[in-house]
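Inspection log for the structure reproduced underneath, given as structure tokens.
Coordinate-derived values only; no laboratory data. What you see is a predicted model, and the numbers here were worked out from it, not measured in a lab. Here Cβ is always computed from backbone atoms with ideal geometry, including for glycine, and neighbour counts include all displayed protein chains.
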Amino acid sequence: MFRITRENHAGSLARVTGDFSIDPLSDDERLAWSSALLLADTLRTLVSGAVAPETGLSSADFLVLNRLKAAPEYRMEGLKALAAKLDWSPSRLSHHLKRMKTRGLVELAHAADGQLVVNATDEAVRIMEKATALHAQAVRRHLLSQASADELRVVVELAKRIRGSHQ
């Protein structure tokens, strides 16, 4: 069962608390957990489903290219740095970059200091123009139009709190 605390942290919403026992989840806890997973999976599927057919980009391709897009000239140096920005392991990123290279989405080189340099190709930059617009449209359609401003604030606050407690 959920318990609401009265502590309110500088504009944060009141927290639902409970113990961290190894007992099986209660019905309410299981519903909250499965709902969070369902929401994340459904949104990922819906948004990816709007982007992939028109661009050929998987959700992982989009994530990598979106990070490169935020870098000067769609270029980043350092496998570990890019992996950290994606919250991926360097091994996972390395394998994915090889697949993207085979498909002509990225160029891989090594800097003088041995660091991997990842560049998006001109084709990838062109594809990302369309993908970014489709992504924004899908996010607005499937999340932003479905939630109130208060609900969106709760999602943002919860994501920050959970992410912050594990860094």
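Here are some notes:
- Taking amide H as placed 1.01 Å from N in the peptide plane, Gly78 has its amide H under 5 Å from the amide H of Leu116, Val117, Val118, each at least 5 places away in sequence or on another chain.
- Computed FRET value (nearest 0.05) for Lys160 with Ser26, which takes r as the C-beta separation and R₀ as 25 Å: 0.45
- Cα long-axis angle, helix 59-69 against the chain (0 to 90 degrees, to the nearest 10): 70 degrees
- Each helix, a run of at least 4 DSSP H residues, gives -39500 (n - 2.57); summed and divided by the residues of the chain, these come to -19000 deg cm²/dmol at 222 nm.
- Taking every alpha-carbon pair within the range 73-167, the share separated by more than 17 Å comes to 66 percent.
- Positive-end residue, the range 26-162 charge dipole about Cα centroid, Cβ charges, pick of Ala138, Met100, Ser48: Met100
- Reduced Cα scattering model of the range 85-138, Debye log10 I(q)/I(0), q = 0.21, 0.28, 0.29 Å⁻¹: -0.91, -1.11, -1.11
- Counted residue by residue at 0.36 nm each, then reduced by the alpha carbon distance between them, the extension gain from Asp150 to Glu123 reaches 5.8 nm.
- Total lysine pairs under 24 Å (Cα atoms) in the chain, excluding pairs fewer than 8 apart on one chain: 15
- Positive minus negative residues near Ile127 (Lys, Arg vs Asp, Glu; Cβ under 12 Å): -1
- For the chain, the longest principal axis of the C-alpha atoms and the axis of helix 149-164 are separated by about 80°.
- In this rough spin-label picture, where each label sits 7 Å from Cα along the Cβ direction, the Leu43-Arg92 distance is 1.8 nm.
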